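The values are calculated or read from the model by the stated rules, or taken from the named source; none is laboratory data. It should be emphasised that the depicted structure is a prediction, and the values quoted were computed from it without experimental measurement. Heads up, the Cβs are rebuilt from the backbone with ideal geometry, glycines too, and the neighbour counts pull from every protein chain shown. Surface areas here come from the heavy atoms of the whole protein model, side chains and all, with no ligands, DNA or RNA. Shrake-Rupley method; radii C 1.70, N 1.55, O 1.52, S 1.80 Å.
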Amino acid sequence: MSEHSTLSGSPFNMNEKINTNNNILNDNVDNATLTDQNGTIMNTDKEISTRSQPVSNKIDHEAQSLERHKSKQLREGATDAEHLHSPLAELGQARKNFLLFIFSVATFIDICNVSGVAVAVAQISIDIKLNTSQIVWIITSYSLCFAAFLLFAGRLADLFPAQIVFEAGFFILGILSLVTSFVTSNKYGFLILRGLGGIAGAMTIPSAYHLTVHMFPEPKEQQGKLALLGMAGAVGNVLGLVLAGICMLANYRWFFRVLAILCVLFTVICIFLLPFTGSTYIPDPSTPRWKRLDIIGVLIMMGALITFILALTQGPIDGWGSASFIAPFVLSFPLAIGFFFWESKIPPKSAVLPSSVWAITNIVIASLAVGIAFPFWATSQLLYATWFQQVFRWTPIHVAAAMLPQGITGLLIGGLTQAVPQIITKPRWSMAIGGILIIVAELLQVFSDGGAGKDYWKYCFPAFILGSAGAVVTYFASAINLIAYCPPEMAGVAGAWTQVIAQIAGAITLAVQASFEGSGQGDWKLVGRRSFYFQIAWTAMLVIQYLVFYKNPGTPEEEHDAARRRIAAKGKDTGVISA
């Protein structure tokens with residue numbers, strides 16, 4: 001391990017002259033004085049004069065490990081070997097699996113809040129008196145705030161106790177869902193509550209990935225568990241429609257109430273099952289914890305996402321030449337450039353998206369490939385759900401049943417990864433196979449004529465199965481591998497980053513689909529075909545870039561160490577999020 005990076009396994013700065021003691025890793029450490037092993041008080045101003053002083057004494061690694069264990073949580077810079085014996089990793093297997101189930105439920109509910117509401121927009125818009133151009137905000141008010149807050153939530157999970165972030169977000173989402181079910185006469189109140197729900201939901205995703213990575217540190221097992229967590233989101237895309245359809249047999253309000261019950265119930269169970277492990281943060285008098293939240297970066301990033309998604313939402317409604325599209329669209333680009341510039345100039349330990357993440361193998365191509373899966377589900381579900389109800393006059397429960405093959409397929413493929421781990425561990429093959437399956441599915445949908453009569457079984461049914469299988473496989477090959485090959489201390493940020501990309505990709509493809517529809521409602525050649533042809537080109541482009549530029553990585557442990565060495569070699573970077 002390098003002595004120039006705190007990621008080498010020590011939570012101390014290797015350029016500082018210090019002696020260890022039993023309280024050095026306590027979050028309430030007295031930064032004015034330190035006590036050496038003989039009980040002598042040392043003045044830190046004299047003994048730790050500057051960070052540039054040479055190393056004058058050896059760190060007792062065994063003592064460090066003991067202190068980490070006493071603190072109940074691995075600190076920043078813990079080695080992969082230490083992760084194998086962390087308090088979370090040493091929980092009972094049954095307990096860990098049930099906690100993973102709770103994390104999966106949270107992921108499922110987050111996605112349900114978008115996909116399920118898509119079935120109910122017609123009834124909701126009548127109740128809260130939204131005009132046609134405003135209906136889209138029933139969905140985007142949640143997804144926009146969800147995407148904008150994700151990276152900040154990832155930062156919270158890495159700097160504060162991840163279980164507190166998860167439980168707080170999950171519980172607040174439940175309360176907000178319950179309140180939303182009763183606010184059906186005020187459109188502004190309803191949309192504001194939806195946006196706040198998106199923020200609460202965003203708190204659960206990065207923290208769930210953070211906790212999962214630490215509970216299952218063994219690489220092969222970790223990849224399988226991350227696959228199950230990712231599958232929950234994929235399944236939520238479709239089963240959200242089913243849940244909403246069932247609830248709408250009574251009233252759409254029960255959809256929000258059922259979500260509220262699930263959120264509160266599983267939050268309470270999680271509080272009892274998940275031990276308090278503290279945070280991975282190490283106090284640093286030169287950089288207080290609040291400064292490491294990168295408020296400026298968060299505001300710039302949120303501005304970029306909000307203006308970009310707002311533009312894509314308003315474009316199909318008001319026209320691509322309207323001011324409501326051009327103004328936010330143009331503004332989003334300098335904001336995005338400013339965000340990445342800002343993140344590259346501030347210390348990684350203070351950045352919401354540390355510049356050091358780009359040292360992870362295949363991060364760029366994997367990030368782009370994350371944009372394959374969710375656009376398939378989003379475009380096919382929204383288009384068919386609308387078509388089935390408006391043209392065929394199907395009920396919501398009938399629509400949900402018709403889309404069910406996508407959800408069942410997602411479950412089956414997700415379960416298959418536990419028996420066939422090569423789906424995850426051989427990403428180049430998985431990406432190629434998944435991409436082909438999606439393209440075949442899109443072609444079937446092109447010629448489905450909307451699923452009229454026997455065409456549903458001839459075209460839609462196999463398309464839903466093949467496309468959903470391909471989407472799950474490509475998601476595992478991109479997002480799950482990205483998270484598995486980044487150092488564990490970056491799990492929160494990596495999990496958030498994959499979801500941000502998925503949300504942006506979904507917004508882009510849905511906007512393109514809406515623009516293709518135009519006034520062609522009722523004509524499948526106009527409504528459906530052009531959108532699915534675009535999806536074929538979109539999928540092919542992202543799959544090809546992945547296959548061409550993919551670099552065969554080593555083992556996860558080797559890649560973790562390699563990323564840390566590359567980060568340390570930059571000179572200005574002292575670590576991923578290290579103190």
**Item:** Sites residue 526 and residue 192 - FRET efficiency at Förster radius 22 Å, r taken between beta-carbons, to 0.05
**Value:** 0.05
**Fill in**
Of the stretch 397-420, those with amide N under 14 Å from the point 7 Å along the Cα→Cβ vector of residue 389 are 397-403
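Starting from the alpha-carbon convex hull of the stretch 180-269, give the projected area averaged over all orientations, in nm².
Numbers: hull surface 27.6 nm².
Average of the hull's projected areas for the stretch 180-269 equals 6.9 nm².
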**Request:** In nm, give the distance between the simple-model label positions of residue 565 and residue 457, each being 7 Å from the Cα along the Cα-to-Cβ direction.
**Result:** 6.0 nm
**Request:** Work out the charge dipole of the stretch 105-205 with +1 on the Cβ of Lys and Arg and -1 on the Cβ of Asp and Glu about the Cα centre, then indicate which of 191, 160, 144 is farthest towards its positive end.
**Result:** 191
**Item:** Karplus-derived HN-Hα couplings along the stretch 223-233 (A = 6.51, B = -1.76, C = 1.60, θ = phi - 60°), whole Hz, x at Gly and Pro
**Value:** 4, x, 5, 5, 5, 5, 5, x, 4, 4, x
**For the stretch 441-452, Karplus couplings with θ = phi - 60° (6.51, -1.76, 1.60), whole Hz, Gly/Pro x** = 4, 5, 5, 4, 5, 4, 9, 7, 6, x, x, 6
**Prompt:** Which pairs, out of 345/551; 220/426; 454/525; 225/345; 96/220, put more than 24 Å between their alpha-carbon atoms?
**Reply:** 345/551; 225/345
**Request:** Give me the number: length gained by fully extending residue 398 to residue 341, i.e. 0.36 nm times residue separation minus the C-alpha to C-alpha distance, one decimal in nm.
**Result:** 15.6 nm
**Request:** With a 10 Å radius around each residue's Cβ, average the other Cβ atoms per peptide and rank 245-256, 496-507, 334-345, highest first.
**Result:** 496-507, 245-256, 334-345
**Request:** Any chance you could check the Cα centroid distance between the stretch 435-500 and the stretch 527-566 for me, in angstrom?
**Result:** 13 Å
**Prompt:** Gain in length, residue 90 to residue 322, computed as 0.36 nm per residue apart minus the alpha-carbon separation, to one decimal in nm?
**Reply:** 77.8 nm
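Of 185, 177, which has the most accessible area and how do the rest follow, probe 1.4 Å?
Per-residue accessible area, sorted high to low, gives 185, 177.
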**Request:** Rounded to whole Hz and in sequence order, give me ³J(HN,Hα) for the stretch 163-171 from the Karplus expression 6.51 cos²θ - 1.76 cosθ + 1.60, θ = phi - 60°, writing x for Gly and Pro.
**Result:** 5, 5, 4, 5, 5, 5, x, 5, 5
**Asked** Using alpha carbon centroids, what distance separates the stretch 174-231 and the stretch 329-390, in Å?
**Response** 18 Å
**Prompt:** Could you sort 439, 205 by accessible area so the largest value comes first, with the probe set to 1.4 Å?
**Reply:** 439, 205
